[in-house]
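Here the structure is laid out as structure tokens; the discussion comes afterwards.
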Amino acid sequence: MFSPISKSRLLKDGTLINAGITAVIFSSLYVNPEIWVHDAPPDIQEKFGPKSRKAKWQTILFGVPFMLILFGGVVHSTRQLKQQMGGHLPFKMAFWHAYGLLLYFWLFDLVIIDWLWLVTFKPSFALIPGTEGMAGYDNYSFHLKAALPALPGMAIPALIIAFFIASGKSS
């Protein structure tokens, strides 16, 4: 499924993508953890209530670079793989490369960001004001259950990226 070329590219580029997204996530948490209230466990969401207008605007402000790094990184990496393979990248390999990068982010986000940092370490800057000490901050299973539906969903952008890169002309 993966050639040695694509494994090294996947790990290198996936690590760079994860580093960039981690910077965006932690910056946004530092600026205003309310930005992430929609991703918090239900008890925290219920106690806090709806996002403020300011947090909605900040969600967009941080969401744009988040998406650009994630999807731009996957597209760039897949294009680089095609170039590395002499301009010919089979659709199946393009799909698995793109999906592998998205899966790498999914796993990193769940295990490192959610479980390790947010649930285990609980940095004070990441706690939504007024919800400190709530049970939801200790809920590992919530993050897994919330993340699982993304696994099949990531196939859609991976298919789109593979279609355009595998069938497009080499640049």
* To do: Can you spot the aspartates and glutamates whose alpha carbon is less than 13 Å from residue 51's alpha carbon? Ignore those fewer than 8 places along the same chain.
  => 34, 39
* Provide the per-residue ³J(HN,Hα) series for the stretch 76-92, in order, calculated from phi with Karplus coefficients 6.51, -1.76, 1.60 and θ = phi - 60°, each as a whole number of Hz, with x at glycine and proline positions. => 4, 4, 5, 5, 5, 4, 4, 5, 4, 9, x, x, 10, 10, x, 3, 4
* Asked: Over 24 Å between Cα atoms, which of 82/145; 47/145; 12/54; 12/122 qualify?
  -> 82/145; 12/54; 12/122
* **Within-14-Å neighbourhood charge of residue 122 [Cβ basis; K, R +1; D, E -1]** => -3
* Expressed as an acute angle from 0 to 90° and rounded to the nearest 10, what is the orientation of the C-alpha long axis of helix 4-31 relative to the principal long axis of the chain? -> 30 degrees
* Interchain or long-range residues, amide H under 5 Å from residue 89's placed H -> none
* Structure fact -> One finds, for residue 138 and residue 76 with R0 = 45 angstrom and r their Cβ-Cβ distance, a FRET efficiency to the nearest 0.05 of 0.75
* Pick from 149, 33, 157: which residue has the top mean-square fluctuation in a GNM of the chain where Cα pairs under 10 Å get a spring? -> 149
* Asked: Once the piece of chain linking residue 159 and residue 124 is laid out straight, how much longer is it, given 0.36 nm per residue of separation minus the C-alpha distance between them?
  -> 8.7 nm
* **Distance between modelled label sites at residue 31 and residue 116, nm, 7 Å Cα→Cβ extension** => 2.5 nm
* Give a residue-ordered list of calculated ³J(HN,Hα) values for the stretch 43-52 (Karplus: 6.51 cos²θ - 1.76 cosθ + 1.60, θ = phi - 60°; whole Hz; x for Gly, Pro). => 5, 6, 4, 5, 5, 6, x, x, 5, 6
* Asked: How high is the FRET efficiency between residue 67 and residue 12 when r is their beta carbon distance and R₀ equals 25 Å, given to the nearest 0.05?
  -> 0.75
* Asked: What is the Cα centroid distance between the stretch 120-141 and the stretch 6-55, reported in whole angstrom?
  -> 14 Å
* **Structure-based [θ]222 nm, the chain - -39500 (n - 2.57) summed over DSSP H runs of at least 4, per residue, nearest 500** => -21500 deg cm²/dmol
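Rule-based calculations on the coordinates, nothing more; no lab input. For clarity, every value in this text was computed on a predicted model and none was experimentally measured. Because the Cβ atoms are built from the backbone with ideal geometry, glycine has one as well, and the counts that use them run over all protein chains shown.
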